[in-house]
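Data block below; observations after.
The values are calculated or read from the model by the stated rules, or taken from the named source; none is laboratory data. Quantities reported herein were computed from a predicted structural model and do not represent experimental measurements. Note that each Cβ is placed from the backbone with ideal geometry, even for glycine, and that neighbours are counted across all protein chains shown. Ligands, DNA and RNA are excluded from the accessible area calculation, which covers all protein heavy atoms including side chains. Shrake-Rupley method; radii C 1.70, N 1.55, O 1.52, S 1.80 Å.
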Amino acid sequence: MKKVYAVDLLHSPNEGTDVELYGWVKTRRGHRHVVFLDITDSTGTVQCVVEAGNKSAFELARRISQETAVKITGVLTDTGRTNPPREIRVHDIEVVGASTINISPYPRGNIDIQDPRLQEQLMDKRHFYLRNEKIVAILKFRHILTRTVHQWFHKNGFIEIHAPVLTPTPLYDDRTPIALQVHGQNVYLTQCVGFYLEAAVHAFEKVYNIGPSFRTEESRSKRHLMEYWHIKAELAFVDFEDMVSIVERFICDVSELCIREGRELASIIGTEICSDGLKTPFPRIDYAETVEWFKAQGSDIEFGKSLGSDEETLLSQRFGDTPFWVVGIPRSIEPFPYVIDAADPRRTKTADLIASRGFGELLGIAEKIHTLPMLDERLAEKGKSGDARYEWLRELRQYGCVPHGGFGMGLERFIRWLLQIPHVRDTIPFHRAFGRRIDP
C-alpha cells in the first residue's frame, strides 16, 4: 500500500531521509551524466535525479516513457532553491506499469482544455485526459461543492433520500425520458426525483437528493447534458416566499464556502470563483414584465413563450453582476404539479433563478399543488387526465397532503457558474451529450 505522497516529501520528512514514492513519469530531461525525472501523483510532483554512476537506474531513466508508473527509491535532498525545494537522489527505479501508447497532446501538458480544436480528442480520450491538471482541478472543485451541499443540507435539518433511478412515471411528458423495458414493463431512467421527494416530505418534512438524471433533450448547448447530477430539495409547510428565502441562503452559504476552499483550484484553471451569489437578496422581475421589456427592444416574444438563452443573456446584462429571479412563469409553460397563482390564473407560483454574467438559468423553485381538485385540473389541462402512471401522485393528495415546495438545480450548471468556465462538459468526469456517441 502506498503510504507517502508527493506533498509529504515536499514538506514533511527531514533531509537525508530514505524515501520511496509511487507515481507516474510526467517529464524526462536527459543530460550526459544525469537524468531528471518529474514524478507526479495526485498531490504534486517531485523531481528525481538519476546519476550515471547508478548504471541500471540511469539506463532505465534514459529510455523510460511518459506516464509509465514507477516506484522510486532514494534519499530526500534539499536543493537550496524554491522550485523545486526538494528532490530525490535515486537509488532504484521499479516499473509498476509501462506506458506504451502515444497520446497527443500529452494529457498532463499545459494544454488549453477550452480550445475548440481539441474538444473531440479530449472527449474521445477522456480516460487519459482526466489526468490533465486543469480537469483535475475542476473535478476536485466538484468534490468540494458536492461535499459543501451535503453539509449545508445536514446543518439545516434535511434528510437525504435515495430515490430510484428506474421509474414507471415519466416526469411531465414522453418526449425527453430515456425509455427501456424491465421484465416486460415500460419504465424510464429518472429525469428528476421530485415526485419521490413529494412522498418522502410527508414523512420527514425536509428532504433532499443529489443524484443522476437522464434526459434526451435535443440540445447541445453549453449548459445541457444528457446525463447530469441533480440537486433536489423538498419542504413541507412552505409557500413561494419561503422557497425564495431558503434558496437565496443556500446559494450564498455554499458560494461562500466554495470561495474559501476552492480559490487555489480556480487559479490552476485560470479563473476566479464567482462571488455574485453572496449579494442577497437577489432582485426579481416578473415574467410579464420581461415580455414587455423584450417587446420594447424589438422582440416578437409573446406571453406564454419560454425565455431562451438569448433572452436570459440580455436580461443578465440588464441586472449586472447578480443572479436574479424571473417570477410568475405562465401555466402554459410550467408542468402540472405547480400551484396556480390565485391573483392571476395565467401564472404559477414559480420562479427561475438566472445566473449572472450570461450563464443562464441556474435553478427553479415552485410551490406545489396539495389539493386534488387543482391537481386534476392541471392534469386535464396537460392532457394527462386518467393517465394511470400518475395515479399515485393523485393518491398522495388524498392522504393528508400539506402545502409543500421544492427547488432543483443541475450540479454541473452550478459548477460552471461558480468557476466561470465556458461549458458544462468539463464539469463532469465523463461527458454525455445529445447526438454524441457514448464512448468511453
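Could you tell me which residue of the stretch 68-110 is farthest from the chain's Cα centre (by Cα), considering only residues that are assigned to a loop (DSSP other than H, G, I, E, B) and basic (Lys, Arg)?
Arg81
Tell me the residue from Ile285, Ile340, Ile246, Ile259 that is closer than 24 Å to Ser221 by Cβ and open to solvent by less than 70 Å² (accessible area, probe 1.4 Å), please.
Ile285 is the lone residue from the list that is closer than 24 Å to Ser221 by Cβ and open to solvent by less than 70 Å² (accessible area, probe 1.4 Å).
Kindly provide the set of residues from the stretch 270-287 that are closer than 17 Å to Phe319 by Cα and out of contact with any strand residue (DSSP E or B) (no Cβ under 7 Å at 6 or more places or on another chain), ordered by number. Outline the logic, then answer.
Pass one, the stretch 270-287, residues closer than 17 Å to Phe319 by Cα: 274-287.
Cys274, Ser275, Asp276, Gly277, Leu278, Lys279, Thr280, Pro281 - these are the residues of the stretch 270-287 that are closer than 17 Å to Phe319 by Cα and out of contact with any strand residue (DSSP E or B) (no Cβ under 7 Å at 6 or more places or on another chain).
Being in a helix (DSSP H, G or I) and either touching a Lys or Arg at 6+ places or on another chain (Cβ under 9 Å) or not small (Gly, Ala, Ser) (or both) is the filter here; which residues of the stretch 1-38 pass it?
The answer is Val7, Asp8, Leu9, Leu10, His11.
Could you check the stretch 1-32 and list, in sequence order, the residues that are surrounded by 15 or more Cβ atoms within 10 Å (Cβ to Cβ) and polar (S, T, N, Q)?
Within the stretch 1-32, Thr27 is the sole residue that qualifies.
All but one of (1) at pLDDT 95 or above; (2) open to solvent by less than 70 Å² (accessible area, probe 1.4 Å); (3) aliphatic (A, V, I, L, M) hold for Leu166, so report the exception by its number.
(2)
Between a residue in the stretch 233-246 that is in contact (Cβ under 8 Å) with a residue 12 or more places away in the chain and assigned to a loop (DSSP other than H, G, I, E, B) and any residue that is among the acidic types (Asp, Glu) and surrounded by 19 or more Cβ atoms within 10 Å (Cβ to Cβ), which pairs come within a Cβ distance under 7 Å, given they are 6 or more apart or on different chains?
Going by the 7 Å Cβ cut-off, the qualifying pairs are Asp239/Glu367.
Among the residues that make up the stretch 297-308, is at least one of them over 30 Å from Arg131 (Cβ atoms), open to solvent by 30 Å² or more (accessible area, probe 1.4 Å), assigned to a loop (DSSP other than H, G, I, E, B) and of a type in the set (Asp, Glu)?
Yes, the stretch 297-308 has at least one match.
In the stretch 48-63, which residues are within 41 Å of the chain's Cα centre (by Cα) and surrounded by 19 or more Cβ atoms within 10 Å (Cβ to Cβ)? Walk me through it before giving the result.
Here is the first cut: in the stretch 48-63, the residues within 41 Å of the chain's Cα centre (by Cα) are 48-49, 61, 63.
Listed by number, the residues that qualify are Cys48, Ala61.
Answer yes or no: is there a residue in the stretch 194-201 that is open to solvent by 20 Å² or more (accessible area, probe 1.4 Å), farther than 20 Å from Arg394 by Cβ and among the hydrophobic types (A, V, I, L, M, F, W, C).
Taking every residue of the stretch 194-201 in turn, none turns out to be open to solvent by 20 Å² or more (accessible area, probe 1.4 Å), farther than 20 Å from Arg394 by Cβ and among the hydrophobic types (A, V, I, L, M, F, W, C).
Restricting attention to the stretch 353-376, which residues are in contact (Cβ under 8 Å) with a residue 40 or more places away in the chain, closer than 22 Å to Phe195 by Cβ and open to solvent by 30 Å² or more (accessible area, probe 1.4 Å)?
Answer for the stretch 353-376, where residues must be in contact (Cβ under 8 Å) with a residue 40 or more places away in the chain, closer than 22 Å to Phe195 by Cβ and open to solvent by 30 Å² or more (accessible area, probe 1.4 Å): just Glu361.
Looking only at the stretch 75-103, which residues are over 19 Å from Arg63 (Cα atoms) and open to solvent by 80 Å² or more (accessible area, probe 1.4 Å)?
Matches in the stretch 75-103: Gly80, Arg81, Thr82, Asn83.
Examine the stretch 172-191 for a residue that is over 24 Å from Asp387 (Cα atoms), of a type in the set (Phe, Trp, Tyr) and in contact (Cβ under 8 Å) with a residue 60 or more places away in the chain, and state whether such a residue exists.
no
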